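A.B. asks: Before we start, here is the structure in question, set down as structure tokens.
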Amino acid sequence: MNVLSHCCKTISLSLLLFLPTMTLAAEAQQIKVGFAERDITPEIGMEQPGGYGKSFHRSFHDPCKTRAGVFDNGKNVVAVVSLDALFIRRVNVNEIRKRVQAKCKIPATSILLHATHSHSSGPMGMILPGEYDHASEFVQELAYEKSSTADAAYLETVVDQSVEAICEAYKKRNASQCGAGVGIEEQVAFNRRFFMRNGLSFTHPRPGNPDIVKPAGPVDPEVGVIGVWDEQGELKGCIVNFVCHATTNPGGISANYIYYVEQVIRGVYGKDAIVVFLAGASGDVTQVDNLSKFARRPSEESARFVGGRVGAEAVKVLLSMPRGNFETIASKTKMLKIPRRKPTPERVKKAIATVKAGPAKSNAVDWVFAKEIVLLDARLQKEPVAEVEIQAVQIGPVVLLTDPAEFFCQLGLDIKAGSPFPMTFPVSLANGCVGYVPTKEAFDKNGGGYETRLTGYSNLIITAGPQMVDAAMELSKQLTPDKLLQRPGAPAFSNNPWAYGSVPPELE
């Protein structure tokens, strides 16, 4: 035996001996995923958020939940959490992250906390307990007695249940097959802002309005989906991303149309599949078609229509996507400091006079927004600059890029266009809330509409949107996407067509 043959045999034997170790190492890198959910349904009689005044729940339709998916590739762990809530404030985000990091060691900055913006959910705000304690008694009365306010006990329930859901998902993580894809649903969501004949842009000018020229913004019909299956091929859970306000309000306490998204997916894959819904840049997109010639659907029918069609499209994507291992799990964050817009002293003075005169002296709308100017003036004394967290969470070939705003749809499309990932899911109202963030164009001479109003809720400077888009794109470019999964290739043709079918026509 020559030296070369001996070396080759030795190397071959070494490889054979080493193969089990290599196989085990490969198995150890298989992505592990866990899902869990908890109930955060408010009690009847609690405040129903979604407006600048008080409203109260009088009935129950379906449960509100906090749902979590935890993804672990052996190097990094991320948690993606969706709450059936109007929004989640920064103080609650920080508390959930702190408790989760202490309890199950997921890094705080690797936890994404998103609110679906359900207008039929529990009392998370607009005003937090104690938020205006620094202000005068007059302002405190406007904040706590005349505005939508959070319930302290309910907030604690949401924090507790979110922590439990995340940590249970962490404990349940095990070897999984994943897939990702994008579908299209074009019939349920519409931009609600329109250019009008007077040269301005109005929000919800109402169907049949002869002064409508054309929509003032786009829609995004993509339904982004990440699916996760166990080793037996059963769907464990999925992430669904879609752009539409959750304002269908089917009647009573509800997760809104997201309930029907879940119902459809569970109808196909079973009641144990957990649906983590992430709303995209839907600040100016709703289910209301202002150009329709037909009567609006009743609320319950509207919720079924929107949720049913989005859920059905998600099912189609789940059925079609290739499955395999997602190699990369990663997260990055960037904190921006963005100033708030300031009303002039003259406007504040006029607003105080309007509020003190009472709604009967003006009209309900003018009084409400005068109240908001007074509240904003008080807020500026304490918080003239907003903390704005932008987060990038990578799950294989997909990147979730967050903002804490009711982000205009065009800004979400700008993020998608600037991302290097094959699939980019913008996620709004995540990790805090800074109100509406329109495009710069919405503030120009042809702009206007509800979303540009200056309030205690919405007040960032007009360049906030582009700043947040730039930060999201910057984070996405610091990450490297996995290659898209593909189904196995077809075998080479064997020159042997199917014998049953490879015949000429038989005529007799």
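The values are calculated or read from the model by the stated rules, or taken from the named source; none is laboratory data. Please read these numbers as outputs of a predicted model, since none were measured by experiment. Cβ: placed from backbone, ideal geometry, glycine included. Neighbour counts: every protein chain shown. Protein only, heavy atoms only, side chains kept; ligands, DNA and RNA dropped before computing areas. Shrake-Rupley method; radii C 1.70, N 1.55, O 1.52, S 1.80 Å.
A.B. asks: Could you check the range 279-309 and list, in sequence order, the residues that are in a helix (DSSP H, G or I) and without any contact (Cβ under 8 Å) to a residue 40 or more places away in the chain?
C.D. replies: Correct list: 301 only.
A.B. asks: Another question, then. For the range 449-462, does any single residue satisfy the condition of being over 24 Å from residue 199 (Cβ atoms) and not in a loop (DSSP other than H, G, I, E, B)?
C.D. replies: The answer is yes; a qualifying residue exists.
Okay, residues lined up against (1) open to solvent by less than 10 Å² (accessible area, probe 1.4 Å); (2) within 19 Å of residue 428 (Cβ to Cβ); (3) without any contact (Cβ under 8 Å) to a residue 60 or more places away in the chain:
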| position | (1), (2), (3) |
| --- | --- |
| 182 | no, yes, no |
| 200 | no, no, no |
| 204 | no, no, no |
| 207 | no, no, no |
| 210 | no, no, yes |
| 213 | no, no, yes |
| 216 | no, yes, no |
| 219 | no, yes, no |
| 226 | yes, yes, no |
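A.B. asks: Counting only residues that are of a type in the set (D, E, K, R) and part of a strand (DSSP E or B), which one in the range 59-84 is nearest to residue 239 (Cα to Cα)?
C.D. replies: That would be 67.
A.B. asks: Taking only the range 274-302 into account, find how many residues are more than 24 Å from residue 68 (Cβ to Cβ) and either out of contact with any helix residue (DSSP H, G or I) (no Cβ under 9 Å at 6 or more places or on another chain) or open to solvent by less than 20 Å² (accessible area, probe 1.4 Å) (or both).
C.D. replies: 17
A.B. asks: Those residues that are more than 19 Å from the chain's Cα centre (by Cα) and open to solvent by less than 10 Å² (accessible area, probe 1.4 Å), I need them from the range 429-450; list them, please.
C.D. replies: Within the range 429-450, 442, 447 meet the criteria.
A.B. asks: Continuing with the same structure: Could you give me the residue pairs with C-beta distances under 6 Å whose first residue belongs to the range 127-149 and is on the phi < 0 side of the Ramachandran plot, whose second residue is among the hydroxyl-bearing types (Ser, Thr, Tyr) wherever it lies, and which are 6+ apart or on separate chains?
C.D. replies: Short answer, once both residue conditions are applied: 127/147; 127/149; 139/132; 140/132; 143/132.
A.B. asks: Here's a follow-up. Restricting attention to the range 429-442, report how many residues are closer than 21 Å to residue 336 by Cα and in a helix (DSSP H, G or I).
C.D. replies: Result for the range 429-442: 1.
A.B. asks: Take the residues of the range 411-428 that are under 19 Å from residue 112 (Cα atoms) and assigned to a helix (DSSP H, G or I): which is most open to solvent (accessible area, probe 1.4 Å)?
C.D. replies: Only one residue fits best here, namely 416.
A.B. asks: For residues that are open to solvent by less than 30 Å² (accessible area, probe 1.4 Å) and either free of Cβ contacts under 8 Å to residues at least 12 places away in the same chain or farther than 26 Å from residue 226 by Cα (or both), tally how many sit in the range 30-49.
C.D. replies: The total comes to 3.
A.B. asks: Testing residue 331 on (1) among the polar types (S, T, N, Q); (2) crowded, with 18+ Cβ neighbours inside 10 Å; (3) more than 30 Å from residue 72 (Cα to Cα), one condition comes back false. Which one is that?
C.D. replies: (3)
A.B. asks: Same structure, new question: Find the residue count for the range 471-488, including only residues that are open to solvent by 70 Å² or more (accessible area, probe 1.4 Å) and either farther than 15 Å from residue 399 by Cα or more than 23 Å from the chain's Cα centre (by Cα) (or both).
C.D. replies: Just the residues of the range 471-488 that are open to solvent by 70 Å² or more (accessible area, probe 1.4 Å), to begin with: 474, 477-478, 480, 483-484, 486-488.
If we keep only those that are either farther than 15 Å from residue 399 by Cα or more than 23 Å from the chain's Cα centre (by Cα) (or both) as well, we get 483, 486-488.
Number satisfying all stated conditions: 4.
A.B. asks: Same structure again: Of the residues in the range 95-143, how many are in contact with a Gly (Cβ under 9 Å, 6 or more places away or on another chain) and farther than 23 Å from residue 55 by Cβ?
C.D. replies: Residues flagged as in contact with a Gly (Cβ under 9 Å, 6 or more places away or on another chain) and farther than 23 Å from residue 55 by Cβ within the range 95-143 amount to 1.
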